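The values are calculated or read from the model by the stated rules, or taken from the named source; none is laboratory data. Here the structure is a predicted model, which means the values were calculated and not measured. When we count neighbours, we look across all protein chains shown, and the Cβ atoms used for this are built from the backbone with ideal geometry, even at glycine. Surface areas here come from the heavy atoms of the whole protein model, side chains and all, with no ligands, DNA or RNA. Shrake-Rupley method; radii C 1.70, N 1.55, O 1.52, S 1.80 Å.
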Amino acid sequence: MKITAWPYCANKRDNPYNAMIYKELIGLGALVKEGKWYKPSIFVDVFHMHWPDAIFGSKKKWLIPTKFLILFLVLSLMKLFGVKIIWTVHNVKPHSNSLHMFHKLVYKILFTLADGLIFLNEGSRRDICEGYKLKLPSCVIKHPTYTKYYRDSIASFKKNDSKGLNFLVFGQIRLNKSIEKCVKIIKIPNVKL
C-alpha cells in the first residue's frame, strides 16, 4: 500500500504521533511519503491527513479562502484518480481562531471528501459523527504514550525541579489551552509563564 501522509515526519520534533504510527505501517509493508496540502498525490492508494485546519492559521487572513479552495481542489483531484482520503480527526474544533467563524462549514466540506475517519477516542468520534450526522466508516485508534520519545526530557525536568510544582498539559502548550487562567484560578504564587 502506498500512502502519502500530511504530515508524515515533518512534525516529529513537536509531536511524534505521526512518525510513530507510520513506523508501524512501514513495518507492515506500507510505503509512506511526506505530503503537502497543496500538492496532489495521485499515484498512491491513500492520502492520510492530520490537522487540515492548520492551513487556516495564517496571519494573512485574506489568504484563508484561497488556501481552502486549493485544498478542496487538491483533495477532489486525488479522489478523481481513485485515491482514498483518510482523515485522523485530532480535534473536534480547530485550534486556529481564524477558522472558528466558519469551521463547521469547512469541516462539512472536508467530511464529504473523506473516505474514512480515524479518531483518538470514542467521545470525539461520537461528537463528530452525531454532530455532523456522518455515515462514513470510522474507527478509534487510541493515542499512544510518548514516554520513549521524551524520556531524556522527563529526566532533565525532574533534575531541575526544585520547587516540586509540575503541570501536566495535554498536547502542545498553546494559547487556546488557557493555562494562565488555570494558574490564576488555583492561585499558585510565583509562577512564571
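Note on the range 126-141: residues that are in contact (Cβ under 8 Å) with a residue 12 or more places away in the chain and either in contact with a Ser or Thr (Cβ under 6 Å, 6 or more places away or on another chain) or assigned to a loop (DSSP other than H, G, I, E, B) (or both) amount to 5.
Can you work out which of the residues in the range 1-36 that are β-branched (Val, Ile, Thr) and open to solvent by 30 Å² or more (accessible area, probe 1.4 Å) is nearest to the chain's Cα centre (by Cα)? Among residues in the range 1-36 that are β-branched (Val, Ile, Thr) and open to solvent by 30 Å² or more (accessible area, probe 1.4 Å), the one nearest to the chain's Cα centre (by Cα) is ILE21. Tell me whether the range 63-84 contains one or more residues that are assigned to a strand (DSSP E or B) and closer than 19 Å to CYS139 by Cα. Within the range 63-84, one or more residues are assigned to a strand (DSSP E or B) and closer than 19 Å to CYS139 by Cα.
Restricting the range 37-85 to residues that are of a type in the set (A, V, I, L, M) and open to solvent by 40 Å² or more (accessible area, probe 1.4 Å), the residue that is farthest from THR112 (Cα to Cα) is LEU63. Name every residue in the range 21-60 that is modelled with pLDDT under 90, out of contact with any Ser or Thr (no Cβ under 8 Å at 6 or more places or on another chain) and aliphatic (A, V, I, L, M), in order of residue number. Within the range 21-60, just ILE55 meets the criteria. Of all residues in the range 104-128, those satisfying the criterion of being open to solvent by 30 Å² or more (accessible area, probe 1.4 Å) and over 15 Å from the mean Cα position of the chain (by Cα) are LYS104, LEU105, LYS108, ILE109, THR112, ASP115, GLU122, ARG126, ASP127. Taking the conditions (1) surrounded by 13 or more Cβ atoms within 10 Å (Cβ to Cβ); (2) modelled with pLDDT of 95 or more; (3) not in a helix (DSSP H, G or I) in turn, PRO94 satisfies each one other than (2).
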